[in-house]
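K.L.:
I have a structure I would like to understand better, so I am pasting it below and will then ask my questions one at a time.
The values are calculated or read from the model by the stated rules, or taken from the named source; none is laboratory data. Because the structure is predicted, anything quoted here is derived from the model rather than measured. Quick reminder, even Gly has a Cβ in these numbers, built from the backbone with ideal geometry, and neighbours come from all protein chains shown.
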Amino acid sequence: MRARVAELLPTLRKDLEALTRIPSISLAAFDQANVDASAEAVAGLLRAEGLAVEIIREGGRPAIIGHIDGPQGAPTVMLYAHHDVQPPGAESEWDSAPFEPTERDGRVYARGIADDKAGVMAHIAALRVHSGALPVGVTVFVEGEEEIGSDSLATILERHGEKLRADTIVLADSSNWAVGEPALTTTLRGMIRVVLTVRTLDHGIHSGMFGGAVPDAITALIRMLATLHDAEGNVAVSGLRHGVAADLDYSEERLREESGLLDGVEMIGSGSILSRLWTKPSITTIGIDAPSVATSSNTLVPQASAKISMRIAPDEDPKDGFRLLAEHIRASAPWGVKIDIQLDDEGAGFSADANGPVYDQARAAFTDAWGVAPVDIGVGGSIPFVAAFAEKFPDAGILVTGVEDPDTRAHGANESLHLGEFEKVCLAEAVLLERLGLLRD
């Protein structure tokens, strides 16, 4: 099987790069014809492997469902990925064109090549390895709006859930521990995003004539944001859940290297680094609406807004998290300022029971492919669709895997895919299907 993957790799890479050249950005401000083209390309790849394929829309971007039966009595495996991508941002920050895959030092750089078009191609690779002799039934589900929150996923699961029902679900949208060290993602933090608006005046006024007696909205907003953390940098919102992460070796030096933390800038928070990243809450101010430095005048600003992203422990209910955050914000408002808190988005976390035959076979498949056993990791980011699948299919074994590594830079400039790791991911998934085929009733 290893030799077969190596034989297929040049064609897999060619198809991956062709798919990556389609700028399938699902954000509404971009041309959605490209998302349609990406869906058609994925559908074509699946049809070529003998799957019965349909492209579906349930009020959002196009998703693809493909299916092929396995041997009589064999289990069914659902393989998930997404074909939409993030915007590239400023092209000046890229070392090569974001939608022209470019190889440098064993990595291929392009927007979406790792997140998540290599995930799509890992599924295609497994199908090609077993072409004509699949050991399991396979359903492939490739979503088209994961990068904008999977708004229509609930409707897809409601209306097409029986087509997606499977004994095992493989969700290829996560990361490995390091190059050469595979991982299974067993916990994910949840997410809450709010927009806080502060108002102090019904119009802007001269800062010299009224400053000192009349508060401005920006200063009030800054004071409120500053209360979200204590002096160590821990989240100061009372009542939120906290967890303890797996005891893996993760040094401050590695964190600094992987994050780009500047020399002299201290880490924040307390407890183990991995608990801070995976199982404790975090709060980040990700945007502020206020006059820019270049266009500002000597004016008391009447209104200012901030977008706040809060990650919550894997077992925290997002509704409880939002309530606690809103209560804290209201209590922190100084000087009687008027505030408005809008829930912008929310998503549940995930915590797997990483035991049983499905996980045993997954660990064995990864060990076969990499030559070392995988570790169980958490991910501090949120993938809300994982919780949606777990709720819809409670009896299915859910494996969260992926092609990324700490140097991938998904969502950032110079996103890249490590070619050696991609080959191992393809092999691992092909071996996994073979091993899952042994789990017959």
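K.L.:
So how many residues does the range 183-215 have that are among the β-branched types (Val, Ile, Thr) and over 17 Å from ASP340 (Cβ atoms)?
P.N.:
Summing the residues that are among the β-branched types (Val, Ile, Thr) and over 17 Å from ASP340 (Cβ atoms) in the range 183-215 gives 5.
K.L.:
Then there's this: Any residue in the range 413-441 that is farther than 29 Å from TRP94 by Cβ sitting within a Cβ distance under 9 Å of a residue that is basic (Lys, Arg) and crowded, with 20+ Cβ neighbours inside 10 Å? List the pairs, counting only those 6 or more apart or interchain.
P.N.:
Hits for this filter: ALA430/ARG128.
K.L.:
Being surrounded by fewer than 16 Cβ atoms within 10 Å (Cβ to Cβ) and in contact with a Leu (Cβ under 8 Å, 6 or more places away or on another chain) is the filter here, so list the residues in the range 81-130 that pass it.
P.N.:
Within the range 81-130, PRO87, GLU103, GLY106 qualify.
K.L.:
Please list, ordered by first then second residue, the pairs with beta carbon atoms under 6 Å, 6 or more apart or interchain, first in the range 116-138 and in a loop (DSSP other than H, G, I, E, B), second surrounded by fewer than 24 Cβ atoms within 10 Å (Cβ to Cβ) and acidic (Asp, Glu).
P.N.:
PRO135/GLU434
K.L.:
From the list ALA390, ALA396, ALA413, which residue is within 26 Å of ARG21 (Cβ to Cβ), assigned by TED's automatic domain parsing to the domain that holds ALA6 and surrounded by fewer than 23 Cβ atoms within 10 Å (Cβ to Cβ)?
P.N.:
It is ALA413.
K.L.:
Another question, then. Which of the following residues is modelled with pLDDT of 95 or more, hydrophobic (A, V, I, L, M, F, W, C) and over 23 Å from the mean Cα position of the chain (by Cα): LEU277, LEU324, LEU343?
P.N.:
Among LEU277, LEU324, LEU343, only LEU324 is modelled with pLDDT of 95 or more, hydrophobic (A, V, I, L, M, F, W, C) and over 23 Å from the mean Cα position of the chain (by Cα).
K.L.:
Continuing with the same structure: Conditions: (1) closer than 21 Å to ARG47 by Cα; (2) surrounded by 20 or more Cβ atoms within 10 Å (Cβ to Cβ). ALA133 meets all but one. Number of the miss?
P.N.:
Checking ALA133 against (1) closer than 21 Å to ARG47 by Cα; (2) surrounded by 20 or more Cβ atoms within 10 Å (Cβ to Cβ), the one that fails is (2).
K.L.:
Is the range 315-326 home to any residue that is among the hydrophobic types (A, V, I, L, M, F, W, C), assigned to a loop (DSSP other than H, G, I, E, B), at negative phi and not assigned by TED's automatic domain parsing to the domain that holds TRP177?
P.N.:
no
K.L.:
Checking ALA41 against (1) hydrophobic (A, V, I, L, M, F, W, C); (2) more than 17 Å from ASP15 (Cβ to Cβ); (3) without any contact (Cβ under 8 Å) to a residue 60 or more places away in the chain; (4) crowded, with 18+ Cβ neighbours inside 10 Å, which test does it fail?
P.N.:
Only one criterion in (1) hydrophobic (A, V, I, L, M, F, W, C); (2) more than 17 Å from ASP15 (Cβ to Cβ); (3) without any contact (Cβ under 8 Å) to a residue 60 or more places away in the chain; (4) crowded, with 18+ Cβ neighbours inside 10 Å is unmet by ALA41, namely (2).
K.L.:
Answer with yes or no whether ASP289 is in contact (Cβ under 8 Å) with a residue 12 or more places away in the chain and of a type in the set (D, E, K, R).
P.N.:
yes
K.L.:
With respect to the numbered conditions (1) among the charged types (D, E, K, R); (2) at pLDDT 95 or above; (3) out of contact with any strand residue (DSSP E or B) (no Cβ under 9 Å at 6 or more places or on another chain), which one is the sole condition not fulfilled by ASP247?
P.N.:
Single failed check for ASP247: (2).
K.L.:
For the range 360-396, which positions are modelled with pLDDT under 95, under 20 Å from ALA428 (Cβ atoms) and in a loop (DSSP other than H, G, I, E, B)?
P.N.:
Listed by number, the list holds a single entry, ILE383.
K.L.:
Only one of GLY233, GLY287, GLY269 is of a type outside the set (D, E, K, R), assigned by TED's automatic domain parsing to the domain that holds LEU325 and in a loop (DSSP other than H, G, I, E, B). Can you tell me which?
P.N.:
GLY233
K.L.:
Then there is this: For the condition more than 27 Å from PRO318 (Cβ to Cβ), in contact (Cβ under 8 Å) with a residue 12 or more places away in the chain and hydrophobic (A, V, I, L, M, F, W, C), what is the one hit in ALA410, ALA362, ALA396?
P.N.:
Selected residue: ALA362, the only one of ALA410, ALA362, ALA396 that is more than 27 Å from PRO318 (Cβ to Cβ), in contact (Cβ under 8 Å) with a residue 12 or more places away in the chain and hydrophobic (A, V, I, L, M, F, W, C).
K.L.:
Here's something else I'd like to know. Within the range 62-96, track down each residue that is among the polar types (S, T, N, Q) and not in a strand (DSSP E or B).
P.N.:
GLN72, GLN86, SER92, SER96
K.L.:
Kindly evaluate GLY59 against the criterion of being assigned to a loop (DSSP other than H, G, I, E, B) and crowded, with 19+ Cβ neighbours inside 10 Å.
P.N.:
no
K.L.:
Among the numbered conditions (1) within 27 Å of the chain's Cα centre (by Cα); (2) crowded, with 16+ Cβ neighbours inside 10 Å; (3) within 24 Å of MET267 (Cα to Cα); (4) of a type outside the set (Gly, Ala, Ser), tell me where HIS242 comes up short.
P.N.:
(2)
Each row is one residue, and each column tells you yes or no for (1) touching a helix residue (DSSP H, G or I) at 6+ places or on another chain (Cβ under 9 Å); (2) in contact (Cβ under 8 Å) with a residue 40 or more places away in the chain; (3) of a type outside the set (A, V, I, L, M); (4) buried (at least 16 other Cβ atoms within 10 Å of the Cβ).
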position: GLY212; (1), (2), (3), (4): no, no, yes, no
position: HIS229; (1), (2), (3), (4): no, yes, yes, yes
position: GLU252; (1), (2), (3), (4): yes, no, yes, no
position: ARG256; (1), (2), (3), (4): no, no, yes, no
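K.L.:
Exactly one of (1) closer than 30 Å to ILE288 by Cα; (2) assigned by TED's automatic domain parsing to the domain that holds VAL372; (3) of a type in the set (S, T, N, Q) is unmet by THR200. Its number?
P.N.:
(2)
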